[in-house]
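The values are calculated or read from the model by the stated rules, or taken from the named source; none is laboratory data. Please read all numbers here as calculations on a predicted model, not as lab measurements. Methodologically, a virtual Cβ is constructed for each residue, glycine included, from the backbone with ideal geometry; neighbour enumeration extends over all protein chains shown.
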Amino acid sequence: MKRIIALLLAFMMVLSLTTTITASAEEKIKLTFFHRWPNEPKGPYMDEVIRKFEEAYPNIDIVVIDPVLNDSYKEKIRVLIGSSDIPDVFMSWSGSFGANLVKSGRVLPLDDMIAANPEWSGKIIDSQWGPFQYDGKQYGIPWSMDGKVFYYNKTVFVELGLQEPDTWDEFITVLKTLQENGYPHPISAGFQAEWAVSHYLGAMVQRRVDPDVVTKDYALEGDFTDQGYVDTLNSFLELKEYMNEDPNSVDHSFARNLFIDGESVLCLMQLAEIKRVEDGADFEYSFFDMPALPGGLGDPDELEGAPEGMMISAECEHPEAAAEFVRFFISEENGALMTKMTGELSCVEGAVNPDSVSTPIQLDAVELIKKASGTTLWQDNAVDATVASAFMKGGQLLYTGDKTAEQVMEDVRAALELAKQK
């Protein structure tokens, strides 16, 4: 009888344990996630990775906050960071944009997560970590990497015997030669959105101005009085005569399409745009970095660009689940899928490979990023938004003739004083 009772008690204990495990497995963890890609090709990519994650982790639901595009995303994430509806996981630019989110005190430092998963974190390309480090801590995990270069129609260059320019004088000579041979507007550009101006000025400032001066000025500790800024703006203005008419009136996608259609020979574009060019162009193309500017004091081997990454809320109720989601997203497998579906470049070693690329040029792009001596952050990510806006609006006003380079820098210095009051 005692044996029967003991067996019955043991059975009940096992049944109780089984019931507890089942109940636990059925308890759904909800994570909110906010990103900025509602459209193709990245929207479907995000959906696919989320689908795969929920399939692998059936006890975790990813609730996507309605994605919005770039400028709207910048505003909305700032609002959400300061609200009770802060997302558990969200995407962020690096540099000053990420720094401003971190200043809220509501972004989780990820150093422990990185240290606890060395095999995973060790696969992320070393140069991409720095732009997400603030006050000695890592607040973002690099997800995609990029660079800004001049794409050029290689077929036209070969026909005219042109070489990739290393210096500004060589660059201007190339542009003059193109004009003399039937290409009145050899560069296509679209500055309707301010950020497109910053991608020119950011790289050109880095090439021209003493890096110590730039570092101090961008940290709002200098005064933006270096003559190199004025010289940079004048070099930027010099390019106007080689661009399509009124670049302020068209956007970047219009400029890119002019290049793809063969109506221009050069266009400053991101390496992430290779797939778009590959899908549309019927000519051979390549790219070169921003040429060295006259009297330049910056390193000509730096590459303008910046990683984007993922952050976790410091108030997330399930940080372990959020970390699992981030590690799943930023993996070799899903990085390869990103390159295959969107053409963008993953920060994970091995993700951009012969099987995931649509063209070998994407492999060249990764090598260009890896061999660069350093990363020049996008200007609108590198300096306070008020100062960056003064530069960007100033670039537009240079092209309309409403401002001189000296007047633009006066506006930048006024913006500096406003930024210091924040």
### Task
May I ask you to verify whether Leu297 is part of a helix (DSSP H, G or I) and aliphatic (A, V, I, L, M)?
no
### Query
So which residues in region 278-291 are out of contact with any helix residue (DSSP H, G or I) (no Cβ under 6 Å at 6 or more places or on another chain), buried (at least 20 other Cβ atoms within 10 Å of the Cβ) and of a type in the set (A, V, I, L, M, F, W, C)?
Phe287
### Query
Can you tell me how many residues in region 247-298 are free of Cβ contacts under 8 Å to residues at least 60 places away in the same chain and β-branched (Val, Ile, Thr)?
1
### Query
With respect to Phe283, is the statement that it is more than 21 Å from Thr376 (Cβ to Cβ), touching a strand residue (DSSP E or B) at 6+ places or on another chain (Cβ under 6 Å) and part of a helix (DSSP H, G or I) true?
no
### Task
Please verify whether region 54-62 includes one or more residues that are under 26 Å from Glu349 (Cα atoms) and without any contact (Cβ under 8 Å) to a residue 24 or more places away in the chain.
yes
### Query
Is region 84-97 home to any residue that is in a helix (DSSP H, G or I), in the same structural domain as Ser127 (by TED's automatic domain parsing) and at pLDDT 95 or above?
no
### Task
Evaluate region 339-357: report whether one residue or more is crowded, with 19+ Cβ neighbours inside 10 Å, in the same structural domain as Glu273 (by TED's automatic domain parsing), free of Cβ contacts under 8 Å to residues at least 60 places away in the same chain and not hydroxyl-bearing (Ser, Thr, Tyr).
no
### Message
I'm checking my understanding of the structure. Among residues of region 182-230 that are part of a helix (DSSP H, G or I) and of a type in the set (Asp, Glu), which one is surrounded by the most Cβ atoms within 10 Å (Cβ to Cβ)?
### Response
Asp217
### Task
Please work out which one of (1) outside any helix (DSSP H, G or I); (2) modelled with pLDDT under 95 is the condition Asp355 fails and give its number.
(2)
